[in-house]
Amino acid sequence: MPIRRFGGHRSLVSHSQPSKLSYGYTKMNVSRSGYRVFSANSTTACTELAKKITERLGVELGKSVVYQESNTETRVDVKESVRGQDIFIIQTIPRDVNTAIMELLVMAYALKTSCAKNIIGVIPYFPYSKQCKMRKRGSIVCKLLSSMLAKAGLTHIITMDLHQKEIQGFFSFPVDNLRASPFLIQYIQEEIPDYRNAIIVAKSPSAAKRAQSYAERLRLGLAVMHGEAHHSESDMADGRHSPPLSRTTTGHTGLELPLMMAKEKPPITVVGDVGGRIAIIVDDIIDDVEDFVAAADILKERGAYKIYIMATHGLLSAEAPRLIEESAIDEVVVTNTVPHEVQKLQCPKIKTVDVSMILAEAIRRIHNGESMAYLFRNIAVDD
Amino acid sequence: MPNIKIFSGSSHPDLSQKIADRLGLELGKVVTKKFSNQETCVEIGESVRGEDVYIVQSGCGEINDNLMELLIMINACKIASASRVTAVIPCFPYARQDKKDKGFFDIPVDNLYAEPAVLKWIKENIPEWKNCIIVSPDAGGAKRVTSIADRLNVDFALIHKERKKANEVDLDDMADTCGTICHATPGHIQLISAGATKVYAILTHGIFSGPAISRINNACFEAVVVTNTIPQEEKMKHCPKIQVIDISMILAEAIRRTHNGESVSYLFSHVPL
């Protein structure tokens, strides 16, 4: 098999040599059952990624109809036979998260009852991944979602840059957590002139590990930002007291447990020198951009002359495009795991990196039963 | 009542409040919101450890969002060590009329009927109900229609789509019963031409999606009567023909009986006061 490298080549499989693309396909498909690729999204913006993936694979997208009825119930109609085949359902998660989840569940169940052999969900951005911890009397929605997907008939999931790698443990079936970092690193090397004068920045200590793995691969320095201007929602851990605090302490018998001290965070500081450098902030999800904008302001103050943000999943909700446009950030680079065309129109600073190649390669390897290890080489433990 | 908590989802807070009032309880504190990326977040505001929890959420409005909210709330209660969690779903989403049966679930299901409330409404609100005919808009609803007709001791009729002549009966008043309709059927116009003086449409779940409201306004119904399994406030503003039967007492009584371990079958033929 020809050696394929990530870094130096534009694409893993070159389009000018179609025979290479089909090498091994006809051989494999004769001996194995076929596979079909479906998209369970109902809006055209979301099916873009599915179209790109099927183009790279050289197959047609499976015929199905997914729509919302007038009373907002989801309806899925699979228009071709799937008996005994490996089925890949590509689902991107747009603004309407719950509908997208329902579409995926309904399609998976429809395929299961139509005797598909394996049903593999390709969900590049996995929803509710931020709700994977117990918060006061909340629900661990990620666990609930994984149970629902298993019940609906999925047998395997391909995803990208899970918010917490431990989420893989919630599932009762295999999860392939691909990485977008090779693509983002390639973008840095090719599109940022002068990148050797850059420094990788972690917006908060929790992102430090990821930032460090980028810094090592690019052979650049690392800076970590600490402290917050306001209380961050995602850090709220289980705040329950056990036993419950009583309003009137009337000589309770029992242990005098020391109260948890409320965490006091200092104002934002930067550990590391960014003076006279390009600052590249690295994170997995960019959603509410207020934290990023505040970080960019501080970095500008400390002497960074250009500020880039590299994130895998560009959710960019609410006012994000406007805030980015008005801020000190020079460019926001995201992948096409989450559709963001509308945000791009509002803010020209947003750039997209196409990751359909690695998803297509993963689909091909899983169907052919080949090893996925090649897709994970050069990935650090902490990425 | 000890050890019982009732929580409301965001689909129909009005009905949940009515149910809680009938039971003499306060609704449990729960915060439901959406993050900026539209993910649902639920936080239960009080202890449910060891409690018998009832969550009221109807399958209406944005069905997928409400369904997800219900699932997350159930999950949160289970993780918080509730002793039993029961979902009260007045309008069950994604169900055909005859598929709400126990065979599709692994857990106990109590499928209540609006019939007793409908009968009561007919007797109280339609003068000369003794001379009316109960009509089913299609063959599938025949069983339901005959059951009501028997209890009222009146005749019934069927609208069969192929026949040009609507039906052969001479009538004064009429009441039309169906399970769920999403849009008004043109068959009702035929009933007028067949000699009915008044046409009432009685439905359990008034979904009224799409152009239903304008069609009802243009059609010749005397009244369209629905239960409050689905919130009707907004629709009543647009369509004065819509009237609402309150079924909160049926649900409240079912909750009370389930909590106390009593039989629920009394509710299949009686309306609690």
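A short reminder: the numbers here are calculations on the coordinates, not readings from a lab. Bear in mind that the values here come from a model prediction, so they are computed numbers and not experimental data. In this analysis, Cβ positions are derived from the backbone assuming ideal geometry, glycine residues included, and neighbour counts consider all displayed protein chains.
Just tell me how shielded A:93-100 is by partners: mean number of partner chain Cβ atoms within 10 Å of each residue's Cβ, no decimals.
Averaged over the peptide's residues, the number is 5.
Less than 12 Å Cβ to Cβ from B:Glu26, Lys/Arg counted +1 and Asp/Glu -1: what total charge do the surrounding residues give?
Values: positive: B:Lys5, B:Lys29; negative: B:Asp21, B:Glu46.
Here the count lands on 0.
Ranked from highest to lowest mean number of other Cβ atoms within 10 Å per residue, what is the order of the peptides B:150-158, A:369-377? Write down the numbers at each step before the final one.
Working: B:150-158: 15.6, A:369-377: 11.6.
Descending mean neighbour count gives B:150-158, A:369-377.
Where nothing but the Cβ of Lys and Arg (+1) and of Asp and Glu (-1) is charged, how large is the charge dipole of the range B:4-95 around its Cα centre, in debye to the nearest 20?
On the way: 9 positive and 11 negative charges, 39 e Å.
Computed charge dipole of the range B:4-95: roughly 180 debye.
Rounded to the nearest 20 Debye, what is the dipole magnitude of the range A:35-178 about its Cα centre when Lys and Arg each give +1 and Asp and Glu each give -1 at the C-beta? If you can, show how the numbers build up before the last one.
On the way: 19 positive and 13 negative charges, 107 e Å.
My answer is approximately 520 debye.
How shielded is B:45-56 by partner chains, expressed as the average number of their Cβ atoms within 10 Å of its Cβ atoms?
Numbers: counts 2, 1, 3, 1, 1, 0, 0, 0, 0, 0, 0, 0.
What the average comes to for B:45-56 is 1.
Sorted from fewest to most neighbouring beta carbons within 10 Å, what does the list B:Phe268, A:Phe183, A:Phe88, B:Phe105 look like?
Working: B:Phe268 12, A:Phe183 19, A:Phe88 29, B:Phe105 9.
The fewest-first ordering by Cβ neighbours comes to B:Phe105, B:Phe268, A:Phe183, A:Phe88.
Choose one of B:Pro90, B:Asn37, B:Ile6: the residue whose Cα lies farthest towards the positive end of the charge dipole of the range B:4-95 (beta-carbon charges +1 Lys, Arg; -1 Asp, Glu; about the Cα centre).
So the residue we want is B:Ile6.
Taking the dipole about the Cα centre of the range A:35-178, with the C-beta of Lys and Arg at +1 and of Asp and Glu at -1, give me whichever of A:Ala108, A:Ile93, A:Ile167 is farthest to the positive side.
A:Ile167
Return the distance in nm (one decimal) between the two label points of a simple spin-label model at B:Ser47 and A:Glu69, each offset 7 Å from Cα along Cα→Cβ.
4.4
For the range A:74-144, what is the Kirkwood hydrodynamic radius in Å, using each pair of distinct C-alpha atoms? Before the final figure, lay out each step's value.
Details: mean 1/r = 0.0735 Å⁻¹.
With all distinct Cα pairs of the range A:74-144 included, I get 13.6 Å.
In nanometres, what is the gap between the two model label sites at A:Arg196 and B:Phe268, each 7 Å from Cα along Cα-to-Cβ?
According to this spin-label approximation, the distance is 8.4 nm.
In a shell of Cβ-Cβ distance under 12 Å around A:Asn98, excluding A:Asn98 itself, what net charge do Lys and Arg (+1) and Asp and Glu (-1) give? Walk me through the intermediate numbers first.
Details: positive: A:Arg95, B:Lys34; negative: A:Asp96, A:Glu103, B:Glu39, B:Glu62, B:Asp65, B:Glu69.
Taking every Cβ under 12 Å from that of A:Asn98, the sum is -4.
For A:Val355, what charge total do you get from the other residues with a beta carbon under 12 Å from its beta carbon, if Lys and Arg give +1 and Asp and Glu give -1? Walk me through the numbers before you get to the answer.
Values: positive: A:Lys52, A:Arg56, A:Arg179; negative: A:Asp161, A:Asp354, A:Glu361.
Summing Lys/Arg as +1 and Asp/Glu as -1 gives 0.
Quick one: which of A:292-305, A:324-337 comes out on top by average Cβ neighbours within 10 Å, and what's the full order, highest first?
On the way: A:292-305: 19.4, A:324-337: 21.2.
So the order, starting with the most tightly packed, is A:324-337, A:292-305.
Using Cβ counts within 10 Å as a stand-in for footprinting exposure, how do A:Arg365, A:Arg277, A:Arg179 rank, fewest first? Write down the numbers at each step before the final one.
On the way: A:Arg365 16, A:Arg277 22, A:Arg179 19.
Final ranking by Cβ density, sparse to dense: A:Arg365, A:Arg179, A:Arg277.
How high is the FRET efficiency between A:Gln346 and A:Leu259 when r is their beta carbon distance and R₀ equals 60 Å, given to the nearest 0.05? Let's see the in-between values first.
Values: r = 46 Å, r/R0 = 0.77.
Working from the Cβ atoms, E equals 0.80.
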